[in-house]
Every structure is written in C-alpha cells, then in structure tokens.
Amino acid sequence: MRSLYAMLGSLVTVVASYLVALILLDNFYFSTSTPQDSFALSFLVYSIGMIAFPILTILVSIFYFKYDEMINVRGIAVGGVFGVWLYMLLDEHITIFVPYSSFIQKLLSLLPLLFIIVGYKVITRKLADNKVKYVLLGTVIGFIVSYVTVIGMRAAQNSLTSYFYFDTFEISIVLGAIAVSGVLGWFLARENKTKTNEV
C-alpha cells in the first residue's frame with residue numbers, strides 16, 4: 001500500500017499544483033494581457049504541462065515513497081483523491097445551477113489543494129488502514145474500468161477521437177463509477193473486519 005499511496009499522492013499533488021499555477025497566471029498575466037498573448041501563453045502552459053506532468057508525477061512519487069515515514073502520504077492521497085473527484089464533479093455540472101463565474105471557477109480549482117491539506121491533518125495513521133486501502137483500491141479499479149468502458153463505447157461507435165477529452169455524460173460515468181466502487185470498497189473492508197473478528 002505504500003507504493004499506492006505514493007502514486008496517488010503524487011498524482012493529486014501535481015494536479016492540485018497545476019490548478020493553483022493556472023489561478024496565479026490568470027490573476028497576474030492573463031487578465032492583463034491581449035487575447036493573442038493569452039492564447040500563446042495558454043498553449044505554452046498546456047504544452048509544458050503535458051510534458052512535465054509524467055516527469056513531476058514520477059519524481060514526487062519517489063519522494064513520497066522514500067519519506068513515507070516522515071510525511072502523511074496516506075492523508076495526502078485520500079484527501080487529494082476526494083478533492084480531485086469533487087472538483088471534476090462540480091466543474092462539469094455547476095453551470096447547470098449557477099451562471100459561469102471566473103471567481104467560482106477559481107474557488108473550484110482550489111478544492112484539490114484544500115482537501116490535500118484537510119486529508120493531511122485528518123487522515124492520521126491511527127485510522128484503520130484496512131478501510132483506507134480498500135476504498136482507494138476501489139476508486140482506482142472504478143476509474144480504470146469506467147475509463148476502459150467509455151473508450152470501448154467510443155470505439156464501438158466509431159467516435160474515438162481522443163483518449164483524454166470526455167463529454168459531460170462520459171465524465172459522469174467515470175465519476176459515478178469511482179464513487180460507487182469506493183463505497184463498495186469501504187463495505188468490503190467492513191465485511192472482512194467482521195469475518196476476522198468472528199474467527
């Protein structure tokens with residue numbers, strides 16, 4: 001589980017950092033620059049992000065794995081996964097209920113970082129590792145299965161144009177599968193604990 005915590009913790013840390021970097025760029029550059037300059041910088045930031053993402057994720061994962069005893073990596077992973085899930089859910093559906101607002105968008109972008117901090121403080125090593133393990137494994141399996149399912153649906157419909165861009169319906173499938181599988185993982189952990197106590 002140490003490697004799983006390190007991997008998930010690094011993923012959510014890099015995602016949260018990228019979202020915060022976009023907020024800072026928007027506040028100090030995009031809002032004051034011309035549309036042409038904004039487009040050029042946006043493309044540059046996106047390109048650098050695509051290249052740097054796997055490199056940073058690997059480096060942070062190694063760092064978390066090495067210093068797991070000193071850093072609450074489990075709290076970062078659990079809080080971050082929930083924060084990213086909530087960010088994606090609200091980012092995709094909030095415009096249904098309220099008009100688009102750049103301020104609200106920035107608040108949403110801070111959710112992953114906020115939940116990483118909360119998870120670091122709240123998810124202590126005293127909590128049952130068995131439940132955390134099963135919930136995280138459930139969310140990972142739910143993501144993989146739903147992602148492959150969506151890609152398979154696109155391939156069957158001859159509409160597979162991207163492995164990364166999903167529409168609202170497809171994102172809802174993935175997020176719903178992650179939530180359901182996480183809850184199932186939690187119940188499975190409870191069942192296993194009950195059987196263990198009976199034995």
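Taking chymotrypsin sites (Phe, Trp or Tyr not before Pro) across region 45-93, the ones in a DSSP loop with at most 11 further Cβ atoms lying within 10 angstrom of their Cβ are TYR67. Can you work out the FRET efficiency for the pair THR149 and HIS93, with r the C-beta to C-beta distance and R0 = 25 Å, to the nearest 0.05? Result of the calculation: an efficiency of 0.80.
All of the numbers you see were taken from the coordinates with simple rules; none came from a lab. Quantities reported herein were computed from a predicted structural model and do not represent experimental measurements. Every residue, glycine among them, receives a Cβ derived from its backbone with ideal geometry; neighbour counts consider all protein chains shown.
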